[in-house]
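Following: one structure in structure tokens, then a few remarks.
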Amino acid sequence: MIDYEKLGAFYLGKRYDTDGDKVTDDLVLYDAKDLTTHAVIIGMTGSGKTGLGISILEEAAMDNIPVIAIDPKGDLGNLMLTFPDFKAESFRPWVNARAASDKGQTPDEYASGQAALWKKGLADWGQDGQRIRTLRSKTEVSIYTPGSNAGQPVSVLQSFSAPPAAVLNDGDLYRERVQATATSILSLLGINADPISSREHILISQILDHVWQEGRSLDIAALIGAIQTPPISKIGVMDIESFYPSKDRFGLAMRLNNLLAAPGFGVWMEGPALDAASLLYTDAGKPRISVMSIAHLDDNERMFFVAMLLNELIGWMRAQQGTSSLRAILYMDEIFGYMPPTANPPTKRLLLTLLKQARAYGLGLVLATQNPVDLDYKGLSNTGTWFIGRLQTERDKARVMEGLEGAAHGGKFNRQQMQQTLAGLGKRRFLLHNVHEDDAVIFNTRWVMSYLAGPLTRDQIRLLMSGRKEASTGEASVAGDKPAISGGDAPLLPPGIGALYVPARGENIQYYPRLIAAADLAFANARYKVNESRAKLFTVEFEDGPVAVDWDAAETLNLTMDELAENGERTATYAECPSAAMKVKNYVKWSREFKRWVRLNEIITLYRSAKYRLTSEVGETEGEFRIRLQQLANENRDQAVAKLRKKYASKATTLENRLLRAEQAIQREKQQSTKKKLDSAVSFGTAILGAVLGRKRLSSTSASKIGTAIRSASGASKEAGDIARAQQTAAKVRADLAALNLSLEKEIDALEDAYDAQAEELSEIQVKAKATDVHIPVVALVWMPYRDSGDGRLEAAW
């Protein structure tokens, strides 16, 4: 088996010989870089479309490419069903009991059979348990279930976050974001709103625009309030009351409020926030496959979520640097309804934006469907790769032909030949049409490493995700036991002790004392280009015992000094102040201790890659630095493979031409297709050559020229040819091709681990502030606001 993992190539299957009606040994390796121009998979139910899609995602994981996969049917969760030891008990929870019954087997017997089937199936396609282990080590697979806690919930309605600067500064992109968000919110309410004529849409768009332009985000409660009391007085030239009277606005606010109050709807605000970077990578920079399972949602909820996800992905994309290598994949298992030819759901414009712009940022889209009629093929005209499987109706075939012809952009397209090819496709057999290749190819898909158990139920998802869910990213933290409340006024403090207040949110506020300290630090290091200033606030609780303040227990307060107040809420109550906090001299001592502590603990950590001679930037986490290194590694690998192609292409072509002439002389009595002979030469015992050089090297034009030369040589050889001499020549050329193949194999081996940034051990560089560059402007008492959470515990109210 070829070690194609080193080549940035996706192993999709093996070439199918239509004349011989058999699968050949020629591997079909898809250049990962080609996916930056996107792909579409089309095939009827039972064509093997899901298997092909899963194999693409598996190959992406093997190549350290992260994936966000939108799963409307529930099949993609099968990516978590990988069993490298092929034990029956591993398969047992996921086998179909009815399928076992239909075969007259118990579930245990059926599971044993499935384990054996998967082991044999993978072996037949040159794969084994070790490749599955590698897959599992290279990626983290999670199933997200918006609107449900079966899998990992994701907070979509917690906040409509302000878009990043890259989107705000792009007028067209920002306008699309505002419109898509407004349309998505209204679709959740069952309102099919036109952006031009719908006053609901215009109002919500104006509110979002006003808030976002101020750099603020908007949570769902604030949106309801803004609908009732808009932050704007006019829309166009009309005052708000004339355009949309308060009575009618109240009705819209009530609809949104009722939706929010509906049983079970609170789960839409649970879990981590919808964040593209977190969906693509772990905190450590490890690539992820994030399966967004939406099979349990109704049509309006699906449309809302997909639109919000695409909005978020576009914002992330525009914040990235440009690249020609594949950076990430967005996979959609069924695009039906999201990009129709005539209607304009909120997702359509977003998908069109991605299809046009994502290439420049290395984001590849893979869109699959079993409904080829309901697709905007004009929108797909920029799609570079088409995987076409078995189609059901003549109408389906006609629509696909229209799409392929559009993708050809006026180039050579043999409609009749393509129709004949499509008519002969069987199960797990696809036509691969890639604009980056010279010829289309028919292939059978490989056996996938993931066990295909079919659509997963919510109970099965819950079982798979048990113990793997992330906590909510909300700011409020629950407080533990607190001292008793005493009185309604702040305790009197001795002269010389100042008090500050953290601004409170909500009612029934209870204040508890802490020590607060501010630090201004300056970091400078010319060698690593560090010139950074930081202003930090820390708070620490007062302890009982001889040591009243332990700075190692301090917590960062994400506020600025300007945001702190000098007075508390009038109706608030206060806890007693500990005796240590009432002594002025303690604050002098705490200030000295804090300065030493903050200098030792508030440091800038940089990461250094010896292999790539790069150092992380200030504020860049190890995970973010590894992501950057991996992208650089992928780009370097693509360049290395391109050099190998260039180096070996001319040598291989020269030898193949010589081989073809010798074979023609040997078989001169037979009338054989020059193109078939060319294909046989490419596939002859030189699998590595075929893998690296691919189908890009030999065009139909060069094949025609070669064929003409061969026919001329054939004419000369008929008069003076010597078959024995030709056989010797053919044997010599075969030996030369084998030697060339061996030479290339050695160069491929040299690529091993050379472009894997995940495995490198990074060195840490710590930059500390000088003692003279650390200033402590404030060490004081601070009152922290809490409120009753309703279950007898206190929660933070800031």
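Condition check ((1) in a loop (DSSP other than H, G, I, E, B); (2) loosely packed, with under 14 Cβ neighbours inside 10 Å; (3) β-branched (Val, Ile, Thr); (4) modelled with pLDDT under 90) across all residues:
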| position | (1), (2), (3), (4) |
| --- | --- |
| Arg98 | no, yes, no, no |
| Gln105 | yes, no, no, no |
| Ser137 | no, yes, no, no |
| Ser148 | yes, no, no, no |
| Gln158 | yes, no, no, yes |
| Pro163 | yes, no, no, yes |
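Those strands (runs of 3 or more DSSP E) of region 498-565 in which 2 or more residues are under 18 Å from Lys595 (Cβ atoms) occupy 510-525, 530-540. The residue that is surrounded by the most Cβ atoms within 10 Å (Cβ to Cβ), counting only those in region 187-217 that are more than 13 Å from Ala162 (Cα to Cα) and among the β-branched types (Val, Ile, Thr), is Ile204.
A quick yes/no check of all residues on (1) in a loop (DSSP other than H, G, I, E, B); (2) modelled with pLDDT under 90:
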| position | (1), (2) |
| --- | --- |
| Ala222 | no, yes |
| Ile227 | no, no |
| Pro230 | yes, no |
| Ser242 | no, no |
| Phe250 | no, no |
| Asn257 | no, yes |
| Trp268 | no, yes |
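Conditions tested, residue by residue: (1) more than 41 Å from the chain's Cα centre (by Cα); (2) closer than 30 Å to Pro287 by Cβ.
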position: Asn525; (1), (2): no, no
position: Ala553; (1), (2): no, no
position: Val588; (1), (2): yes, no
position: Arg599; (1), (2): no, no
position: Leu614; (1), (2): no, yes
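Of the residues Leu464, Leu422, Leu452, the single one that is in contact with a Lys or Arg (Cβ under 9 Å, 6 or more places away or on another chain) and either within 30 Å of Arg92 (Cβ to Cβ) or at pLDDT below 95 (or both) is Leu422. Residue check: Lys33 meets all listed conditions (1) touching a Ser or Thr at 6+ places or on another chain (Cβ under 8 Å); (2) more than 30 Å from Ala640 (Cα to Cα); (3) open to solvent by 20 Å² or more (accessible area, probe 1.4 Å) but one, namely (2). Filtering region 107-125 down to residues that are without any contact (Cβ under 8 Å) to a residue 24 or more places away in the chain and either among the small types (Gly, Ala, Ser) or in a loop (DSSP other than H, G, I, E, B) (or both), which residue is most open to solvent (accessible area, probe 1.4 Å)? Residue satisfying both the conditions and the ranking: Ala123. Figure legend. Inter-residue proximity from region 546-563: first residues among the charged types (D, E, K, R), second residues open to solvent by 70 Å² or more (accessible area, probe 1.4 Å), beta-carbon distance below 9 Å, spacing 6+ or different chains. Indicated pairs: Asp550/Glu541; Asp550/Glu543; Asp552/Asn601; Glu555/Glu541. Cβ-Cβ contacts under 6 Å between residues 6 or more apart (or on different chains), taken from a first residue in region 218-236 that is at negative phi and open to solvent by 20 Å² or more (accessible area, probe 1.4 Å) to a second residue that is among the small types (Gly, Ala, Ser) and not in a helix (DSSP H, G or I), are listed as Asp219/Ser159.
Look at region 130-155: where a residue is over 17 Å from Arg468 (Cβ atoms) and a partner is open to solvent by less than 20 Å² (accessible area, probe 1.4 Å) and among the β-branched types (Val, Ile, Thr), sitting 6+ places away or on another chain with Cβ atoms under 7 Å, you get Ile132/Thr82; Leu135/Thr82; Gly147/Val267. Selection of first residues in region 425-450 that are over 21 Å from Thr45 (Cβ atoms) and charged (D, E, K, R) and of second residues that are open to solvent by less than 30 Å² (accessible area, probe 1.4 Å) and assigned to a loop (DSSP other than H, G, I, E, B), restricted to Cβ pairs under 8 Å at least 6 apart or on distinct chains, gives the following pairs, ordered by first then second residue: Glu437/Gly694; Asp438/Leu698; Asp439/Leu698. Residues in region 155-193 that are touching an Asp or Glu at 6+ places or on another chain (Cβ under 9 Å) and more than 18 Å from Leu350 (Cβ to Cβ): Ser155, Leu157, Gln158, Ser159, Leu189, Ile191. When region 7-21 is filtered for residues that are surrounded by fewer than 23 Cβ atoms within 10 Å (Cβ to Cβ) and not in a loop (DSSP other than H, G, I, E, B), the ones remaining, listed by number, are Leu12, Lys14, Arg15, Asp17.
The values are calculated or read from the model by the stated rules, or taken from the named source; none is laboratory data. A quick note: this is a predicted structure, and the numbers were derived from the prediction, not measured. As a convention, Cβ positions derive from the backbone with ideal geometry for all residues, glycine included, and neighbour counts pool all protein chains shown. Only protein heavy atoms, including side chains, enter the accessible area calculation; ligands, DNA and RNA are left aside. Shrake-Rupley method; radii C 1.70, N 1.55, O 1.52, S 1.80 Å.
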